[in-house]
Amino acid sequence: MFKNKYPGKFIAIEGLDGSGASTQTARIADHFKTGKKSFWTTQEPTSSVIGGIIKSSLTGDWKMVNPYSLQLLFAADRANHLTKDIIPRLAKGLTVITDRYFLSSLAYGSLDINDDDWLYNINSQFILPDLTILLKVSPKVCLTRIKDNRQSLELFEQAEKLQKVWRAYELLSKKYPGIKVIDGEKPEKEVFEEIIREVSNL
């Protein structure tokens, strides 16, 4: 992976399902609107055709043949996302904030693929975020939040699986630069204030 060479800043919000990543991405967007800053928010999987196949697999509407196929789809969706949406905006100087990025692929992918090098290699030609916020929330709390907001669980949303994913996130946070771990179990406003302090340091 390579550093962002474009004038715009690239920020990723990561964490377990139910960690509050989508909520905090929306709050950052509101903060930037108030400050009249040029920005763009997005998420992965995207709303593209590839992203739609991924979402169908995650919700169980369509069964993926094997975990390698799923991760290759994530990588293809990301490549398209970068080329069509993210890089053009970074090149114009916009701050791009994405709800999930490559760290999710490495952490969740490690559940079914016991080959970290393979997972890294299919993501190796992508841009590293200038800042990655990793929200630390226990699997138990995440599942409670999910059940309070949705009627069904997705592919990886089981306590044992989420615990393994979090251990992978912790290892990854020590391996890649620019990752800040924030306690996502604090009140929503306090979490947001910590995130904004990190964003301001950019």
Quiz prompt | Members of segment 85-106 that are in contact (Cβ under 8 Å) with a residue 24 or more places away in the chain and not aliphatic (A, V, I, L, M) | solution = D85, R89, K92, G93, T95, T98, D99, R100, Y101, F102, S104, S105
Quiz item: Which pairs have Cβ atoms under 9 Å, sit 6 or more apart or on different chains, and link a residue in segment 51-70 that is closer than 18 Å to L119 by Cβ to one that is assigned to a helix (DSSP H, G or I) and of a type in the set (D, E, K, R)?
Solution: I54/D77
Quiz item: How many residues does segment 16-38 hold that are of a type outside the set (S, T, Y) and under 17 Å from the mean Cα position of the chain (by Cα)?
Solution: 10
Quiz item: Out of segment 28-49, which residues are out of contact with any strand residue (DSSP E or B) (no Cβ under 9 Å at 6 or more places or on another chain) and surrounded by fewer than 18 Cβ atoms within 10 Å (Cβ to Cβ)?
Solution: D30, H31, T34, G35, K36, S47, S48, V49
Quiz prompt | Verdict on N114 being in a loop (DSSP other than H, G, I, E, B) and crowded, with 16+ Cβ neighbours inside 10 Å | solution = no
Quiz item: Does at least one position in segment 84-95 carry a residue that is over 17 Å from L131 (Cα atoms), touching a strand residue (DSSP E or B) at 6+ places or on another chain (Cβ under 9 Å), surrounded by fewer than 19 Cβ atoms within 10 Å (Cβ to Cβ) and not aromatic (F, W, Y)?
Solution: yes
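Read-outs throughout are calculated quantities, based only on the coordinates presented, and are distinct from any laboratory measurement. Here the structure is a predicted model, which is why all the values come from computation and not from measurement. No Cβ is skipped: glycine too gets one built from the backbone with ideal geometry, and neighbour counts run over all protein chains shown.
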